[in-house]
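A.B. asks: Just passing along the structure, written as structure tokens.
The values are calculated or read from the model by the stated rules, or taken from the named source; none is laboratory data. A quick note: this is a predicted structure, and the numbers were derived from the prediction, not measured. Here Cβ is always computed from backbone atoms with ideal geometry, including for glycine, and neighbour counts include all displayed protein chains.
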Amino acid sequence: MPAYLRRSTRLAMVLSLAGAVCAAPARAQSTRAVEGLFSANASILWPAATSVTLSTVADDPPDRAEAKTQFDLGSRPGFDIGGGILVRRRLFLGAAVSRFTDAPMATLTVTVDHPAFHPTLTATGVVGELKRSERRLDLQFGYAMPLSRRVTVIVFGGPSRFDLSQDLVADFRVSEEFNRSTGSYRLTSPSHFETEKAKASGWGYNVGADTSVMLTKVFGVGALVRYSRATLDVRDPLASDLEDRDVTKPIDAGGLQVSGGIRLHF
């Protein structure tokens, strides 16, 4: 083989090897086995249960007295922070932390039955705001569906750990008054309320979907819809004091969460 052909062949081999070495990182980068994800959102939660009623009864037949605490829950703001990994751009493994606070107005209605003295008496008092805080850890297992080069939808579900803190009525004052001129009894409105912070934790579930739109390779924006729910046994201080033991009442936590915020891929 002529010398110039041998030199040309060696040069082509060197260039081919160099091209392969340079292309390898690019191919590896485009087919990464694992990708990291991070999200931070502002959220609104519509509660799973919109009304809470806790009833305490003192029953000594034929006499009976009942105190019923009631409050309504509305939509409330919060935040959501999450992260996870995509395995080969399809399988999603992640976790998210959410927190929501509220202070619903509550009323307490007392009903008294003393058949030997008077008909049933009823009176209602305004307790005021009962502070409520709900924190949640969502474990998420899902599947990613790329809709385009920049848009990806992840559907997921998994168990959730709930931590609930709720102010409840622990004591109040009420009395039966006799009107001598009419010969009848009346029940004064409940007042002088004392509250106690009740806490409970437990497991529930979550399901949802997250849509991300990447503006660059690293930064993007997104929207999240998640539904979560759990029923937690909360200690009722009023009933516990009356019965001289710990009495728990079920309260629902979670609900429909809609969020929007930033997305990071790395």
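A.B. asks: Spot the failing condition for VAL127; the list is (1) closer than 25 Å to PRO77 by Cβ; (2) touching a Pro at 6+ places or on another chain (Cβ under 6 Å); (3) among the aliphatic types (A, V, I, L, M), and only one is missed.
C.D. replies: Here VAL127 meets the rest and fails (2).
A.B. asks: Right, another one. Among the residues of region 104-125, count how many are of a type in the set (A, V, I, L, M, F, W, C) and surrounded by fewer than 16 Cβ atoms within 10 Å (Cβ to Cβ).
C.D. replies: 3
A.B. asks: Related question: Only one of SER201, SER181, SER148 is touching a residue at least 24 places away in the same chain (Cβ under 8 Å), assigned by TED's automatic domain parsing to the domain that holds SER55 and surrounded by fewer than 18 Cβ atoms within 10 Å (Cβ to Cβ); which?
C.D. replies: SER201
A.B. asks: With ASP167, ASP171, ASP163 as the choices, which residue is crowded, with 18+ Cβ neighbours inside 10 Å, charged (D, E, K, R) and part of a strand (DSSP E or B)?
C.D. replies: Criteria check complete, one pass: ASP167.
A.B. asks: For region 129-145, enumerate the residues that are assigned to a strand (DSSP E or B) and either surrounded by fewer than 16 Cβ atoms within 10 Å (Cβ to Cβ) or not assigned by TED's automatic domain parsing to the domain that holds MET105 (or both). Quick ask: steps written out before the conclusion?
C.D. replies: Looking only at region 129-145, we keep the residues that are assigned to a strand (DSSP E or B), and these are 129, 132-145.
Residues satisfying the conditions are GLU129, LEU137, PHE141, TYR143, MET145.
A.B. asks: Here are some conditions: (1) over 30 Å from TYR143 (Cα atoms); (2) of a type outside the set (Phe, Trp, Tyr); (3) assigned to a strand (DSSP E or B). SER189 meets all but one. Which one does it not meet?
C.D. replies: Failed condition: (3).
A.B. asks: Take LYS68 and decide whether it is in the same structural domain as ARG235 (by TED's automatic domain parsing) and touching a Leu at 6+ places or on another chain (Cβ under 8 Å). Before the answer, list the steps.
C.D. replies: Details: in the same structural domain as ARG235 (by TED's automatic domain parsing): yes; touching a Leu at 6+ places or on another chain (Cβ under 8 Å): yes.
Criteria met by LYS68.
A.B. asks: May I pose another question? For region 40-59, enumerate the residues that are of a type in the set (A, V, I, L, M, F, W, C) and more than 30 Å from VAL221 (Cβ to Cβ).
C.D. replies: Listed by number, the residues that qualify are ALA49, VAL52, LEU54, VAL57, ALA58.
A.B. asks: Taking into account only those residues within region 209-266 that are β-branched (Val, Ile, Thr) and under 16 Å from the mean Cα position of the chain (by Cα), which is nearest to THR69 (Cα to Cα)?
C.D. replies: Checking each candidate, the answer is ILE251.
A.B. asks: Does region 59-108 hold any residues that are part of a loop (DSSP other than H, G, I, E, B) and at negative phi, and which are they?
C.D. replies: Hits for region 59-108 are PRO61, PRO62, LEU73, GLY74, SER75, ARG90, ALA103, PRO104.
A.B. asks: For region 238-266, name all the residues that are outside any strand (DSSP E or B), touching a strand residue (DSSP E or B) at 6+ places or on another chain (Cβ under 9 Å) and either buried (at least 21 other Cβ atoms within 10 Å of the Cβ) or of a type in the set (Lys, Arg) (or both).
C.D. replies: LEU238
A.B. asks: Turning to a different aspect of this structure: Of a type in the set (Val, Ile, Thr), at pLDDT 95 or above and within 23 Å of ALA95 (Cα to Cα), is that true of VAL234?
C.D. replies: So VAL234 does not fit the description; no.
A.B. asks: Same structure, new question: From the list LEU168, LEU93, exactly one residue is farther than 28 Å from LEU264 by Cβ, out of contact with any Ser or Thr (no Cβ under 6 Å at 6 or more places or on another chain) and modelled with pLDDT of 95 or more. Which is it?
C.D. replies: After applying the criteria, what remains is LEU168.
A.B. asks: Mind checking whether some residue in region 119-132 is of a type in the set (Lys, Arg) and at positive phi?
C.D. replies: Checked region 119-132: no residue is of a type in the set (Lys, Arg) and at positive phi.
A.B. asks: Give all pairs with beta carbons closer than 7 Å in which a residue from region 31-54 that is touching a residue at least 40 places away in the same chain (Cβ under 8 Å) and under 18 Å from THR211 (Cβ atoms) meets a residue that is polar (S, T, N, Q) and surrounded by 12 or more Cβ atoms within 10 Å (Cβ to Cβ); count only pairs at least 6 apart in sequence or on separate chains.
C.D. replies: Pairs that qualify, where the first residue is touching a residue at least 40 places away in the same chain (Cβ under 8 Å) and under 18 Å from THR211 (Cβ atoms) and the partner is polar (S, T, N, Q) and surrounded by 12 or more Cβ atoms within 10 Å (Cβ to Cβ), are ASN41/SER259; ALA42/SER259; SER43/SER98; SER43/GLN257; SER43/SER259; ILE44/SER75.
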